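The values are calculated or read from the model by the stated rules, or taken from the named source; none is laboratory data. As the structure is a prediction and not an experimental result, all values here were calculated from the model. Glycine also receives a Cβ, built like all others from the backbone with ideal geometry; neighbour counts cover every protein chain displayed.
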Amino acid sequence: MTTPVPTRRRFVTLGCTLGLAGLATLTGCAAMNSVNVTVRTFGAWPEGRAPGRYAFDRLPSQEAAPERRAALEAAASAALERAGFSAAGDAEQADVLVQFGARQAQLIEAPPRVSFGIGIGTPIGRHGGLGWGMNSYPWYTDRIKELREMGLLLIDRRSRKVLVEVQARHESRYGMGDDVLQVLFDAALDGFPDLPAGERTVTVALPGR
């Protein structure tokens, strides 16, 4: 008789901040040409509004980590410009302010353990018995996935109203290094200005593949 144990999932956070995550370079899978990203959109880009000029609205935590900020801003800029935005000279000249946050973590899944027993009995008299049994608990290695998440806000500079919020998430058993930064931003803005509300899956080609 089997007794399944529910799968356990737990996170080991490698870097998490509203502004930037400490992003480690991971070994990627050479056979991978594209990845699926889960995208959630809240709000909608105003109908008929052109993309316009953008500038980054930096948080204090981002100013304190210029190298990591630069890597994320480079990925965000490439995606924004592919969507039709252009960089403003400074925030005062921008039509849209851009805020973002990112997180990297490990997701550890412990698969079910099973047990079984075997018993042999020898009757003694009419009511007694003597027997023996054993249990076995096969050991499985926990499955470890790399998790990357990104959140993006597009804000009207004059009114400070949030125009649209997009979140992008990718899980993989194979680390992809900083390639995944570009993938997340591209997935978040895929189809701009038509960003369907709710959750969807976006398939994105890896850079240079």
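Quick notes on this one:
- Condition check for Gln104: part of a strand (DSSP E or B) and within 16 Å of Arg158 (Cα to Cα): no
- The stretch 81-126 - residue that is within 21 Å of the chain's Cα centre (by Cα) and under 21 Å from Glu63 (Cα atoms) and, of those, modelled with the lowest pLDDT: Gln104
- Scanning the stretch 142-168 for residues that are modelled with pLDDT of 95 or more and under 13 Å from Val35 (Cβ atoms) gives a single hit, Ala168.
- Close pairs (9 angstrom Cβ cut-off, 6 or more residues apart or separate chains): surrounded by fewer than 16 Cβ atoms within 10 Å (Cβ to Cβ) in the stretch 157-170, among the aliphatic types (A, V, I, L, M) anywhere: Arg160/Leu97; Lys161/Ile155; Val162/Leu153; Val162/Leu154; Val162/Ile155
- Gly175 passes every criterion in (1) modelled with pLDDT of 95 or more; (2) buried (at least 16 other Cβ atoms within 10 Å of the Cβ); (3) part of a loop (DSSP other than H, G, I, E, B) apart from (1).
- Of everything in the stretch 32-83 that is surrounded by fewer than 16 Cβ atoms within 10 Å (Cβ to Cβ) and among the polar types (S, T, N, Q), the residue that is nearest to Ala94 (Cα to Cα) is Ser61.
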